[in-house]
Structure formats: C-alpha cells, structure tokens
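Colleague: My questions will all concern the structure given below.
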Amino acid sequence: MLKTFAQWIASTDLSEMLKVYSWIIPASQAVHIIALAILLVSALLICLNLSSVQHAKGSLANLIGNQVKVIWICMIVLLFTGMVQIIAEPARQFLSSAFQIKVLLLLLILPLTYLLANRVKNKPSSLEIIDDRPSWLRVSCLAYISTWIAIIICGRFIGYT
Ligand code: HEM
C-alpha cells in the first residue's frame, strides 16, 4: 500500500517539478539540518535547566515556555522541508525502516513535549524550589534528549535502510 501511495506521489506534477529544479532538494535539506540543530539546542537547554540548575521563582517556567515555542517553530520548518523531500522522492522515504521509526519516535516525543510545556505552565513553581533534583527527573531528561538524538540518527539513516 505504501508503495502504491509512493508511486502516486511520484507521478504528480509537483514531484516532477521538484526533480526538474534540482537546487530545491539540497536547499530544503540544508534548512532541515539548520532547524534540527536549533531544535536540539532548545531541547538540551530544557533538559539541562530542568535537571541540574536551581531557579528563581518563575524563571524556569519562562525558560521552558520559550524553548518549547522554539521547538514548535522548528517542527513547522522540519515538517515543511521534510514534506518537500518526501514529495520529491516518496519511495526513498516511505519504504525506509529508518523513516518509519523516525515518524514513530516523533509521534512519541511531540505529545511528551506538549505535556511538559503544559505541566510547567500550570505548576510553574513545582520544580524551582527543589535543591536536589530527583533522579527520576534526570532519567526522564536523559530519555527525552536521547529520543531527539535517535530521531536525528534515523533521519541520517533514511537513505541507507
Ligand atoms: C514532521 C517532521 C519531519 C519530516 C516529515 C521529516 C522528513 C525527512 C526527510 C524526508 C528527510 C530526507 C531523508 C533522505 O532522503 O535522506 C529527512 C532527513 C533528515 N531529518 Fe527529518 N523530518 C522531520 C523531522 C525531523 C526532526 C524533528 C529531526 C531531528 C530532530 C530530523 C532529522 C533529520 C536528519 C538528521 C536528516 C538527514 C539530513 C541529511 O543528512 O541530509 N527530521 N527528514
């Protein structure tokens, strides 16, 4: 079914056009990479601040709120540039197991990011006054950042699986 869908996308005028203008794919890949680098910095900032630094009242919620906004903006850019690449070479993407794992990991991490932002927004002072961060929080941060890194690795492996 995925193969038929990929063949149908490849036969559309838009896909043909993307193949004719050969600069579009490398340009969209470059933007994809810049956006994912910015996203990773934001995810790292969230995790480092959440797991190791003590904060004045209100500042942690502000920091996380701002960084989550950056993550959403990067996701819009990644979605757009990713779609350009999918439309240009649908079979390369849909039939790759790395692409499928990447999508599954994205479906896992995006609701988690939303929940984190909501939790910090609704209970802004819950973590700021703790001197010692609980170990579950550090483990969760490690798992969160590892998932983003796994998504990057899957992205890089798409052409090879
Ligand atoms: C909805 C969001 C996304 C879509 C639809 C998407 C789709 C794609 C596609 C189609 C490619 C081209 C793969 C190839 O042909 O080799 C790609 C590459 C890549 N993606 Fe994404 N992606 C998305 C989000 C992300 C995110 C969130 C990350 C990481 C945080 C990411 C990391 C990468 C990496 C590292 C590459 C390889 C770039 C390269 O080597 O040129 N992507 N993505």
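Colleague: Take the residues in the range 115-161 that are β-branched (Val, Ile, Thr) and in a loop (DSSP other than H, G, I, E, B); name whichever of them is modelled with the lowest pLDDT. Walk me through how you get there before you give the answer.
Modeller: Quick first cut of the range 115-161, residues β-branched (Val, Ile, Thr) only: 120, 129-130, 139, 145, 147, 149, 151-153, 158, 161.
Applying the additional criterion that residues be in a loop (DSSP other than H, G, I, E, B) yields 129-130, 161.
Working: ILE129: 55, ILE130: 59, THR161: 84.
Of everything passing the filter in the range 115-161, ILE129 is modelled with the lowest pLDDT.
Colleague: Say whether the condition of being farther than 27 Å from ILE153 by Cβ and touching a Lys or Arg at 6+ places or on another chain (Cβ under 8 Å) is met by at least one residue in the range 5-27.
Modeller: Looking for residues that are farther than 27 Å from ILE153 by Cβ and touching a Lys or Arg at 6+ places or on another chain (Cβ under 8 Å), one finds none in the range 5-27, hence no.
Each row is one residue, and each column tells you yes or no for (1) closer than 24 Å to CYS141 by Cβ; (2) loosely packed, with under 14 Cβ neighbours inside 10 Å.
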{"site": "LEU48", "(1), (2)": "yes, yes"}
{"site": "ILE64", "(1), (2)": "yes, no"}
{"site": "GLN67", "(1), (2)": "yes, no"}
{"site": "ILE71", "(1), (2)": "yes, no"}
{"site": "VAL84", "(1), (2)": "no, no"}
{"site": "ILE87", "(1), (2)": "no, no"}
{"site": "PRO90", "(1), (2)": "no, no"}
{"site": "LEU105", "(1), (2)": "yes, no"}
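Colleague: Only residues that are part of a loop (DSSP other than H, G, I, E, B) and within 11 Å of the ligand (Cβ to nearest atom): list them for the range 49-94, please. Please lay out each step first, then the result.
Modeller: Keep residues of the range 49-94 that are part of a loop (DSSP other than H, G, I, E, B), which gives 53-58, 89.
Hit for the range 49-94 is GLU89, nothing else.
The values are calculated or read from the model by the stated rules, or taken from the named source; none is laboratory data. These numbers were taken from a predicted model, which means no experiment stands behind them. Every residue, glycine as well, gets a Cβ built from its backbone with ideal geometry; the counts of neighbours run over all protein chains shown.
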